[in-house]
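Mind having a look at this structure? Questions to follow.
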Number of protein chains: 2
Amino acid sequence: MKPYAVGVDLGGTNLKGALVDREEGLLERTQYATEADQGPEHVVDRIGAIAEEMVAAAPNSSVAGVGIGAPGAVNWNRTTVSRPPNFPGWETINLQSVLQSRLDRDLPVIVENDANVAGLGSAFYGTGQRSDSFIMVTLGTGVGGAIIYQNKIFRGSTGGAAEIGHMTIDYEGPFANSGVSGAIEGYLGQEFLAQHARDRLVNYPDSAVHDLVDGDLEQITPRTLYEAANQEDELAREVLEWAGHKLGCVLGSAVNLLDIRTIVVGGGVSAAGDYILEPARAVLPRFVVPGLRENLRILREELGNEVSLLGAARLAFEGEQAQVGSR
Amino acid sequence: MKPYAVGVDLGGTNLKGALVDREEGLLERTQYATEADQGPEHVVDRIGAIAEEMVAAAPNSSVAGVGIGAPGAVNWNRTTVSRPPNFPGWETINLQSVLQSRLDRDLPVIVENDANVAGLGSAFYGTGQRSDSFIMVTLGTGVGGAIIYQNKIFRGSTGGAAEIGHMTIDYEGPFANSGVSGAIEGYLGQEFLAQHARDRLVNYPDSAVHDLVDGDLEQITPRTLYEAANQEDELAREVLEWAGHKLGCVLGSAVNLLDIRTIVVGGGVSAAGDYILEPARAVLPRFVVPGLRENLRILREELGNEVSLLGAARLAFEGEQAQVGSR
């Protein structure tokens with residue numbers, strides 16, 4: 001088996017690439033601006049360039065393949081990306097065929113949903129190594145998810161499983177962007193959480209949050225709340241506790257359905273750390289049927305965003321194993 | 001491969017057994033009273049007797065094995081049953097070893113959770129044949145579930161997956177028996193639903209339900225509501241619509257997590273048929289992220305309770321295939 005693979009993480013703002021050693025993890029990394037506003041052809045060209053750069057960084061014939069984590073919908077065959085949010089003009093593009101013709105027809109190219117890729121990276125290089133099955137929750141602009149079951153991505157019927165962000169915790173609750181009432185993304189999505197903090201801040205004119213954003217409340221992020229909470233700010237702690245409680249509720253439903261007891265939380269909002277995870281841990285068992293309450297744990301992804309690049313590369317290592325296995 | 005298997009369905013009231021033909025389905029069936037109040041040894045003896053009777057009904061050496069669907073928790077190895085509800089004094093019993101020593105040491109005995117068994121039966125003999133992956137919901141005393149993924153039971157980490165009845169749809173909702181606030185079982189479990197109907201009936205003194213139970217409201221069952229609904233009774237239709245709406249909400253969360261778009265509904269409450277399923281169908285897409293809304297369908301299990309016996313026998317057919325495959 002070849003020792004290296006290239007991982008690409010396609011984000012709305014940044015395009016990241018890495019050369020990954022199967023055992024050691026990240027060897028080299030690079031980053032381009034995505035420039036999504038210049039249209040899909042331009043972005044695909046840049047994906048090709050970053051993949052080329054990383055393939056070239058490894059000795060000849062030592063690269064198992066290129067894995068790409070992408071937003072939007074990825075098809076069952078892991079070749080196309082459809083309508084990624086914030087990529088104007090992008091309908092459905094077969095990234096595999098475009099990249100294979102550019103790079104080398106024999107170099108496998110595998111595309112996967114970005115949340116699933118983060119889960120796979122965590123499973124093999126991150127906090128997810130601690131369990132062969134876990135639920136990954138990515139708290140960022142939206143709330144993404146991945147189900148890793150027996151060290152593989154659980155993909156559902158069409159490759160679209162683990163949409164935890166759209167699970168409801170209150171059928172008459174506020175609507176998230178997806179049109180789902182009480183969807184957890186409507187509480188924990190970065191903008192929803194910031195808006196909740198702004199509204200609640202009215203009751204706390206002396207909160208440290210005001211100073212941290214120089215009075216510009218539009219600047220509130222989970223990081224602001226974390227910093228304020230570290231200063232024992234009551235508002236910030238209340239907001240994060242409120243958010244953590246909601247997270248625990250939805251994770252209870254996920255545990256009931258999957259009987260997977262380890263949860264790994266990543267993404268920007270997880271920067272708020274235990275301020276959000278402790279209340280989630282406290283409430284989780286109360287939303288799980290008693291027979292499944294043992295060994296529940298909510299862990300923070302310790303590798304941070306690196307899991308995305310590592311997981312993308314891992315796609316290529318797995319593809320190689322699958323080929324070997326099918327011979 | 002042997003043509004027959006024996007299926008046993010262990011219920012709190014009735015113990016059922018069947019001889020099943022791999023292709024044709026049920027050949028013979030029998031039923032004993034469970035007599036759970038006489039203690040676990042007595043019940044295990046009766047399970048042995050019913051299995052013996054059905055094995056004896058087939059020609060010598062033509063039976064692949066005995067499968068048993070049981071309430072309570074079944075271990076990962078599918079050998080033991082722990083603390084089934086309504087079985088006084090039953091802690092953990094290894095049904096496999098007891099039955100194998102009674103029947104024939106070479107006859108495989110496989111135990112599985114009753115909801116999973118119903119799902120497996122539906123997958124190979126019932127409505128579930130229409131999809132290789134589906135979510136089975138059993139609306140009975142409680143709300144049970146099974147996940148059939150690529151024609152196999154999805155068992156989770158310990159064999160306890162698919163506890164749909166304990167997923168919440170309202171984190172501040174009423175508590176079900178499991179202590180989970182807003183768990184769907186607290187709306188749709190048979191007793192909860194009947195109580196809801198009784199409370200709501202106060203507003204409908206002329207409802208046909210009064211006559212159907214001769215004024216004894218404790219006798220209300222889903223069947224009563226179905227019969228009243230057939231008489232265009234407003235109360236009954238309202239209650240079933242209310243219940244169907246809640247069912248649609250929780251199924252939305254399950255679809256989001258699993259990306260499995262076919263749902264098969266069985267169990268006693270499903271006797272209310274489309275009065276409950278139509279509102280569930282109407283609301284379901286509104287609780288699913290737009291990317292997963294195509295091809296959603298909620299089907300009623302057409303075989304009824306037979307799926308439990310068929311699924312139990314199927315366990316033995318699958319065990320045989322697994323043995324062959326591993327040689």
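Could you say which residue among B:Gln219, B:Gln195 is of a type outside the set (Gly, Ala, Ser), at pLDDT 95 or above, farther than 30 Å from A:Gly291 by Cβ and assigned by TED's automatic domain parsing to the domain that holds B:Val143? Steps first, answer last, please.
Details: B:Gln195 fails: farther than 30 Å from A:Gly291 by Cβ.
After applying the criteria, what remains is B:Gln219.
If a residue must be more than 16 Å from B:Val111 (Cβ to Cβ) and away from chain A (no Cβ under 14 Å), how many such residues does segment B:280-309 contain?
11
Go through (1) more than 14 Å from every other protein chain (Cβ to nearest Cβ); (2) buried (at least 21 other Cβ atoms within 10 Å of the Cβ); (3) β-branched (Val, Ile, Thr) for B:Val180 and report which single condition fails.
Condition (1) is where B:Val180 drops out.
Here are some conditions: (1) surrounded by fewer than 21 Cβ atoms within 10 Å (Cβ to Cβ); (2) away from chain A (no Cβ under 11 Å); (3) of a type outside the set (Gly, Ala, Ser). B:Gln150 meets all but one. Which one does it not meet?
B:Gln150 satisfies every listed condition except (2).
Out of all the residues in segment B:153-160, is one or more assigned by TED's automatic domain parsing to the domain that holds B:Gly266, crowded, with 24+ Cβ neighbours inside 10 Å and of a type in the set (A, V, I, L, M, F, W, C)?
yes
Mind checking whether some residue in segment B:53-60 is under 17 Å from B:Glu306 (Cα atoms) and either of a type outside the set (Val, Ile, Thr) or surrounded by fewer than 15 Cβ atoms within 10 Å (Cβ to Cβ) (or both)?
Yes, segment B:53-60 has at least one match.
Go through (1) of a type in the set (Val, Ile, Thr); (2) under 30 Å from B:Arg22 (Cβ atoms); (3) without any contact (Cβ under 8 Å) to a residue 24 or more places away in the chain for B:Val307 and report which single condition fails.
Here B:Val307 meets the rest and fails (3).
Do we have any residue at all in segment B:128-136 that's at positive phi and within 8 Å of chain A (Cβ to nearest Cβ)?
no
Still on this structure, I have one more. Given the options B:Gly140, B:Gly145, B:Gly119, name the one that is more than 13 Å from chain A (Cβ to nearest Cβ) and within 13 Å of B:Ile260 (Cβ to Cβ).
Being more than 13 Å from chain A (Cβ to nearest Cβ) and within 13 Å of B:Ile260 (Cβ to Cβ) holds for just one of B:Gly140, B:Gly145, B:Gly119, which is B:Gly119.
Let me ask something else about it. Within segment A:268-296, can you find the residues that are in a loop (DSSP other than H, G, I, E, B), in contact (Cβ under 8 Å) with a residue 40 or more places away in the chain and surrounded by 23 or more Cβ atoms within 10 Å (Cβ to Cβ)?
Result: no residue meets the conditions.
Here's something else I'd like to know. Take A:Tyr125 and decide whether it is in the same structural domain as A:Gly186 (by TED's automatic domain parsing), surrounded by 16 or more Cβ atoms within 10 Å (Cβ to Cβ) and aromatic (Phe, Trp, Tyr).
In short, no.
Then there's this: For segment A:262-283, indicate whether the set of residues that are of a type in the set (Phe, Trp, Tyr) and closer than 27 Å to B:Ile135 by Cβ is non-empty.
No, because not a single residue in segment A:262-283 is of a type in the set (Phe, Trp, Tyr) and closer than 27 Å to B:Ile135 by Cβ.
Go through A:Ser207, A:Ser253 for me and flag whichever is of a type in the set (Ser, Thr, Tyr) and under 24 Å from the mean Cα position of the chain (by Cα).
A:Ser253
Could I ask something else about it? Just one of A:Trp90, A:Trp76 is touching a residue at least 12 places away in the same chain (Cβ under 8 Å), surrounded by fewer than 17 Cβ atoms within 10 Å (Cβ to Cβ) and under 22 Å from the mean Cα position of the chain (by Cα); which is it?
A:Trp76
Now for a different question. Tally up the residues in segment B:157-167 that are at the interface with chain A (Cβ under 7 Å from one of its Cβ atoms) and without any contact (Cβ under 8 Å) to a residue 60 or more places away in the chain, please.
Qualifying residue count for the region: 5.
The values are calculated or read from the model by the stated rules, or taken from the named source; none is laboratory data. A quick note: this is a predicted structure, and the numbers were derived from the prediction, not measured. Positions of Cβ are generated from backbone atoms using ideal geometry, with glycine treated the same way; all protein chains shown enter the neighbour counts.
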